[in-house]
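Visitor: My structure is below; once you've seen it, I'll send some questions.
The values are calculated or read from the model by the stated rules, or taken from the named source; none is laboratory data. Keep in mind it's a predicted model, so treat the numbers as computed, not measured. So basically every Cβ, Gly included, is an ideal-geometry build from the backbone, and we count neighbours across all protein chains shown.
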Ligand code: PLP
């Protein structure tokens, strides 16, 4: 009898984590690796958030917390939704979990029956499809084409919806393409969803604050208030406040039934989130917000640098995205070539493997995000690393024959 449960059969290990691991192995051998594979801000957590956690610990805030989040944190999240998104969610409509990832996991476990379809605009974050499969659902990829700026087109969404569709996922700004939707583009998506009243919508707004060139972020429940009861708005402190290690995400919805189901799962798979993390999150959400703009300006400069450098490289085509901290260059001009080290580049997996082994730059293959032939570069790292990384990528591509 196999030790492993059948439900794990179709669930894979995250490709970005695998590449980060390979980069670590090479670095352990003394090789200078340029790591452009990790989706994690290189900035520190704001000091006021750290101090709040420290004070909470000293003040004895160290007992079991309420499963779905402390009242103080829920109040701060409610203020955040009003301030940033013009959305009204009260404490009873909010649930706190261990990161955005656990929010999605809980939501799928709470709602998916075997065979339920989940429409995922693709390219998409590596974990979505696996979480859906874990929960017994069926991920349905809808391509967001490069020619459309990696945006979800209304007609493609409409074509993907069937009587079995339970959820639509939205993630704009997007991992891995960086694409974000304007209000008009989001309204077109919302209009399709108004025609399908049985489909729920999960919007993963984790990159909300990472938008550039005066681009204005919007989220679907605000753009189309008639969808309020069907939308699960998800967000967290990981990317905006550089708090990936604290593990805190949250969600809110107008649907009482949905929140009761998610709360049920949340209460069974953890005993609530660390009280210290919750104290830190309150400080981050309620504290000075100017750091978001300051950091966004730094990310923008890095994005522009990477796009400029890679656009000069023959064989690469590099769309300039509105947000997140990724670029997603197309490598179709290099498919069929051979790297200097002798590896035939038949796929984007070959490309990123040859790049890391021969020039020691870690990136992630587009195949991991469901759209090839591309690769993802994370520019959540120093300008020095980006200069070195882009120079090595350019050399790698130039050396191909
Ligand atoms: N959603 C997307 C689109 C992501 O890219 C990530 C992390 O890379 C997450 C969610 C996970 O966020 P958290 O750290 O809050 O679990």
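Visitor: So if I check each of 346, 324, which one is out of contact with any helix residue (DSSP H, G or I) (no Cβ under 8 Å at 6 or more places or on another chain) and within 16 Å of the ligand (Cβ to nearest atom)?
Guide: On inspection, the qualifying residue turns out to be 324.
Visitor: Let me ask something else about it. Restricting region 182-207 to residues that are touching a helix residue (DSSP H, G or I) at 6+ places or on another chain (Cβ under 7 Å) and assigned to a loop (DSSP other than H, G, I, E, B), which is farthest from residue 320 (Cα to Cα)?
Guide: Among them, the one singled out is 199.
Visitor: Okay, next question. Determine if region 235-249 includes at least one residue that is surrounded by fewer than 22 Cβ atoms within 10 Å (Cβ to Cβ), over 19 Å from residue 74 (Cβ atoms) and touching a strand residue (DSSP E or B) at 6+ places or on another chain (Cβ under 9 Å).
Guide: Looking for residues that are surrounded by fewer than 22 Cβ atoms within 10 Å (Cβ to Cβ), over 19 Å from residue 74 (Cβ atoms) and touching a strand residue (DSSP E or B) at 6+ places or on another chain (Cβ under 9 Å), one finds none in region 235-249, hence no.
Visitor: Here is a check on your reading of the model: is residue 378 within 19 Å of the chain's Cα centre (by Cα), surrounded by fewer than 20 Cβ atoms within 10 Å (Cβ to Cβ) and either modelled with pLDDT under 95 or not assigned by TED's automatic domain parsing to the domain that holds residue 150 (or both)?
Guide: On the way: within 19 Å of the chain's Cα centre (by Cα): yes; surrounded by fewer than 20 Cβ atoms within 10 Å (Cβ to Cβ): no; either modelled with pLDDT under 95 or not assigned by TED's automatic domain parsing to the domain that holds residue 150 (or both): yes.
Considered against the rule, which asks whether it is within 19 Å of the chain's Cα centre (by Cα), surrounded by fewer than 20 Cβ atoms within 10 Å (Cβ to Cβ) and either modelled with pLDDT under 95 or not assigned by TED's automatic domain parsing to the domain that holds residue 150 (or both), residue 378 comes out as no.
Visitor: Separate question: On the given criteria, is residue 266 under 21 Å from residue 204 (Cα atoms), touching a helix residue (DSSP H, G or I) at 6+ places or on another chain (Cβ under 8 Å) and either more than 16 Å from the ligand (Cβ to nearest atom) or not in a helix (DSSP H, G or I) (or both)? Give the derivation first.
Guide: Numbers: under 21 Å from residue 204 (Cα atoms): yes; touching a helix residue (DSSP H, G or I) at 6+ places or on another chain (Cβ under 8 Å): yes; either more than 16 Å from the ligand (Cβ to nearest atom) or not in a helix (DSSP H, G or I) (or both): no.
Here the answer is no, as residue 266 does not meet what is asked.
Visitor: Residue 300 - would you say it is in a helix (DSSP H, G or I), away from the ligand (no atom under 16 Å from the Cβ) and either crowded, with 18+ Cβ neighbours inside 10 Å or at pLDDT 95 or above (or both)?
Guide: For residue 300, the condition - in a helix (DSSP H, G or I), away from the ligand (no atom under 16 Å from the Cβ) and either crowded, with 18+ Cβ neighbours inside 10 Å or at pLDDT 95 or above (or both) - is met.
Visitor: Still on this model: Any idea which of 26, 8 is farther than 18 Å from residue 240 by Cα and out of contact with any strand residue (DSSP E or B) (no Cβ under 9 Å at 6 or more places or on another chain)?
Guide: 8
Visitor: Hey, does region 180-194 have a residue that's at pLDDT 95 or above, at negative phi and within 13 Å of the ligand (Cβ to nearest atom)?
Guide: Within region 180-194 (the criterion being at pLDDT 95 or above, at negative phi and within 13 Å of the ligand (Cβ to nearest atom)), the answer is yes, since at least one residue qualifies.
Visitor: Need at least 2 residues that are more than 16 Å from the ligand (Cβ to nearest atom) and under 26 Å from residue 366 (Cα atoms) per element, so show me which helices (runs of 4 or more DSSP H) inside region 62-170 make the cut, counting only ones lying wholly within it. Lay out the reasoning, then the answer.
Guide: Details: elements: 71-85, 99-111, 126-134, 154-160.
Result: 154-160.
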